[in-house]
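Structure record follows, encoded as structure tokens.
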Amino acid sequence: MMTDTINADETRELIASNRVEGTAVYNFENERLGTISNFMVNKRSGQVEYAVLQFGGFLGIGSDYYPIPWDMLSYNVEQGGYVVDLDKSMLGDAPRYSDEEPAYDEDFDRRVYTHYGMPY
């Protein structure tokens, strides 16, 4: 029987993937942008490339999913969520999908990074 789920699911520097999914994402104005639906891991390096932000809809129906470069996010202990330096309006024309995940090929990656003003 597990009595201490915090110790089982996270350490000082690491956190289990199931604890990241569903975590709130805020901007610097303390507006809640959505939650992390999942994250994309590079198969070769093992590094997280994107957090996929779920935004809009109701109970997951009608939601849009926005891949955001992982390096844009930082964890804020006080908020109990991730913080990203972006305005809600920036999501308006951001690369996203609703039903079918994109290919995450070089062209898509470049579009995502360019949109958020990050070097690819």
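The values are calculated or read from the model by the stated rules, or taken from the named source; none is laboratory data. This structure is a prediction, so every number in the text was calculated from the model and none was measured. Because the Cβ atoms are built from the backbone with ideal geometry, glycine has one as well, and the counts that use them run over all protein chains shown.
Summary of values
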{"read-out": "The listed residue being modelled with pLDDT under 90, under 26 Å from TYR120 (Cα atoms) and in contact with a strand residue (DSSP E or B) (Cβ under 6 Å, 6 or more places away or on another chain), out of PHE55, PHE39", "value": "PHE55"}
{"read-out": "Any hit, the range 1-20, residues being modelled with pLDDT of 90 or more and either surrounded by fewer than 14 Cβ atoms within 10 Å (Cβ to Cβ) or among the charged types (D, E, K, R) (or both)", "value": "no"}
{"read-out": "Qualifying residue in the range 60-75 (condition: closer than 14 Å to ALA24 by Cβ, among the polar types (S, T, N, Q) and out of contact with any helix residue (DSSP H, G or I) (no Cβ under 9 Å at 6 or more places or on another chain))", "value": "yes"}
{"read-out": "Residue tally, condition part of a strand (DSSP E or B), farther than 22 Å from GLU100 by Cβ and either of a type in the set (D, E, K, R) or touching a helix residue (DSSP H, G or I) at 6+ places or on another chain (Cβ under 9 Å) (or both), over the range 22-44", "value": "3"}
